[in-house]
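The values are calculated or read from the model by the stated rules, or taken from the named source; none is laboratory data. Quick caveat, the model's predicted, so the values are computed rather than measured. Here the Cβ positions follow ideal geometry from the backbone for every residue, glycine too, while neighbour counts run over all protein chains shown.
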Amino acid sequence: MGLIADLLGRRSPVVHVMSPEQSVLDAVALMSARRVGAVPVVENGRLVGIFSERDVVRRVVAMGRPIDKTRLAEVMTPDPITASPGDERAEAMRKMDDAQCRHLPIVQHGALVDMLSIRDVLFVELEERAEAVESLRRYIGGSY
């Protein structure tokens, strides 16, 4: 299946960091502008949480909290599950499935280096399978 590092090497890092003291409104504005579903929350260079679209719905809107006055520290998912670039993509998928999340911070040597979404992994899987199918078609058709 391949390593996370191989997948990340195909694109630029996608990390838009927020502070736990920033408001939900700040996070929602950033997520909307950058077209991402989650943002890592970092304090003093250390990943302390993640804030996702689900957090907006479940911990903010459903609870009637004001988005401009609620700090991320109050509603983020603390201490999120992470992966490293050297992990297998299948392991990242398993972690996301077990945690029922769609975004996984990628950490190397204690530092946040990227964010991985289930969509990133699935698109690479589909691309690789399409290449394998095409290779088999050429082999069967004798043009290999």
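Observations, loosely collected:
- Only a single item in (1) at pLDDT below 95; (2) crowded, with 19+ Cβ neighbours inside 10 Å; (3) in a strand (DSSP E or B) is not met by residue 105, and it is number (1).
- Count of the range 1-13 residues which are among the β-branched types (Val, Ile, Thr) and exposed (fewer than 15 other Cβ atoms within 10 Å of the Cβ): 0
- Hey, residue 57 modelled with pLDDT of 95 or more, hydrophobic (A, V, I, L, M, F, W, C) and surrounded by 14 or more Cβ atoms within 10 Å (Cβ to Cβ) or not: no
- Which listed residue, of 40, 85, 78, 13, is closer than 18 Å to residue 112 by Cα and in contact with a helix residue (DSSP H, G or I) (Cβ under 8 Å, 6 or more places away or on another chain): 85
- If the condition is being under 21 Å from residue 109 (Cα atoms), surrounded by fewer than 13 Cβ atoms within 10 Å (Cβ to Cβ) and at pLDDT 95 or above, then the range 68-85 contributes only 78.
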